[in-house]
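> Mind looking over this structure? Questions follow.
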Amino acid sequence: MTKSQLIDRIAERGRHPRKAVETAVNAIFDAMVDALRQGERIEVRGFGNFTVRQYRAYTGRNPKTGHRVTVPPKRMPFFKVGKDLRGRLNDA
Amino acid sequence: MTKADIIEFVYEKLRAVGSYSKRDAAEIVESVFETMKDTLGEGEKIKISGFGNFVVRQKKERVGRNPQTGDQIMISARRVLTFKPSQVLKNALNEEGA
């Protein structure tokens with residue numbers, strides 16, 4: 001499912017115009033990107049939590065050539081699945 | 001940031017384009033997460049451009065260990081969800097002055 005299919009799926013229910021659903025869906029992910037950019041944690045009960053993890057610099061290797069490369073420190077988003085969703089993945 | 005904060009942000013965006021209520025914002029936000037849960041629960045992946053992909057992976061049964069006691073235990077076959085952030089999101093977290 002892509003973002004536009006997600007929008008279609010919700011708009012098909014006829015509760016809200018597609019344009020509004022599209023605006024809302026874009027706003028949701030914009031808000032989440034913005035929060036993570038600021039290092040903020042996101043909690044969506046039943047779905048899951050997003051946190052930002054800080055990684056130190058390390059010396060890695062290019063697996064193709066074997067050359068050493070220095071990987072700079074970086075921040076990466078991390079997702080932990082919520083209870084309700086985890087249950088739905090496995091009760092089937 | 002919680003779901004309530006997301007609803008508030010969505011409400012502000014909706015209000016800018018029409019006469020929508022906070023309730024409209026809440027309904028759509030709830031539908032979005034419910035629809036995503038339904039989709040992933042069926043094993044289908046979700047691709048959100050500019051954010052990332054949610055992928056359901058099937059794990060086989062395997063032998064693990066209780067890290068506290070060292071006892072061997074059987075870990076049952078299960079489906080797990082992984083989130084793969086998009087390059088856009090990774091860049092947003094690492095740009096100068098972020």
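The values are calculated or read from the model by the stated rules, or taken from the named source; none is laboratory data. These numbers were taken from a predicted model, which means no experiment stands behind them. As a convention, Cβ positions derive from the backbone with ideal geometry for all residues, glycine included, and neighbour counts pool all protein chains shown. We work out accessible area using only protein heavy atoms, side chains counted, and drop any ligands, DNA or RNA first. Shrake-Rupley method; radii C 1.70, N 1.55, O 1.52, S 1.80 Å.
> Residues of segment A:32-42 being open to solvent by 10 Å² or more (accessible area, probe 1.4 Å) and assigned to a helix (DSSP H, G or I), which ones?
A:Val33, A:Asp34, A:Arg37
> Regarding B:Met36, is this residue more than 17 Å from A:Leu85 (Cβ to Cβ), in contact with a strand residue (DSSP E or B) (Cβ under 7 Å, 6 or more places away or on another chain) and surrounded by 14 or more Cβ atoms within 10 Å (Cβ to Cβ)?
no
> Let me spell it out: the conditions are (1) at the interface with chain A (Cβ under 9 Å from one of its Cβ atoms); (2) surrounded by 15 or more Cβ atoms within 10 Å (Cβ to Cβ); (3) not in a helix (DSSP H, G or I), and B:Val55 meets all of them except one. Which number is the exception?
All conditions are met except number (1).
> (1) in contact with a strand residue (DSSP E or B) (Cβ under 8 Å, 6 or more places away or on another chain); (2) farther than 22 Å from A:Thr2 by Cβ; (3) surrounded by 12 or more Cβ atoms within 10 Å (Cβ to Cβ); (4) more than 7 Å from chain A (Cβ to nearest Cβ): which one isn't true of B:Lys22, the others all being true?
So the condition that B:Lys22 fails would be (1).
> Return yes or no: is A:Ile7 touching an Asp or Glu at 6+ places or on another chain (Cβ under 6 Å), within 16 Å of B:Ala26 (Cα to Cα) and at pLDDT 95 or above?
In short, yes.
> Given A:Arg9, A:Arg15, which one is assigned to a helix (DSSP H, G or I), surrounded by fewer than 18 Cβ atoms within 10 Å (Cβ to Cβ) and either aliphatic (A, V, I, L, M) or facing chain B (nearest Cβ under 7 Å) (or both)?
Checking each option against the conditions leaves just A:Arg9.
> A further question follows. Would you confirm whether or not segment A:50-60 contains a residue that is facing chain B (nearest Cβ under 8 Å), in a helix (DSSP H, G or I) and either modelled with pLDDT of 95 or more or loosely packed, with under 13 Cβ neighbours inside 10 Å (or both)?
So far as segment A:50-60 goes, no, none of its residues is facing chain B (nearest Cβ under 8 Å), in a helix (DSSP H, G or I) and either modelled with pLDDT of 95 or more or loosely packed, with under 13 Cβ neighbours inside 10 Å (or both).
> Quick check: is even one residue across segment A:61-70 open to solvent by less than 30 Å² (accessible area, probe 1.4 Å) and outside any loop (DSSP other than H, G, I, E, B)?
No, that holds for no residue.
> Here is a follow-up. Inspect segment A:66-78 for any residue being polar (S, T, N, Q) and either more than 10 Å from chain B (Cβ to nearest Cβ) or touching a Leu at 6+ places or on another chain (Cβ under 9 Å) (or both) and give the result as yes or no.
Yes, that holds for at least one residue.
> Does any residue in segment B:28-53 that is touching a residue at least 24 places away in the same chain (Cβ under 8 Å) come within less than 8 Å, Cβ to Cβ, of a residue that is open to solvent by less than 70 Å² (accessible area, probe 1.4 Å) and part of a loop (DSSP other than H, G, I, E, B) six or more places away or on a different chain, and which pairs are these?
Every condition considered, the pairs that remain are B:Phe33/A:Gly46; B:Phe33/A:Phe47; B:Ile48/B:Ser86; B:Ser49/B:Ser86; B:Gly50/B:Ser86; B:Phe51/B:Ser86; B:Gly52/B:Ser86; B:Asn53/B:Ser86.
> Of the residues A:Phe78, A:Phe29, only one is open to solvent by 60 Å² or more (accessible area, probe 1.4 Å), touching a residue at least 12 places away in the same chain (Cβ under 8 Å) and closer than 18 Å to B:Leu40 by Cβ; which?
A:Phe78
> Now for a separate question. Does segment B:10-56 hold any residues that are among the aromatic types (Phe, Trp, Tyr), farther than 16 Å from A:Gly46 by Cα and within 18 Å of the chain's Cα centre (by Cα), and which are they?
Across segment B:10-56, the qualifying residue is only B:Phe51.
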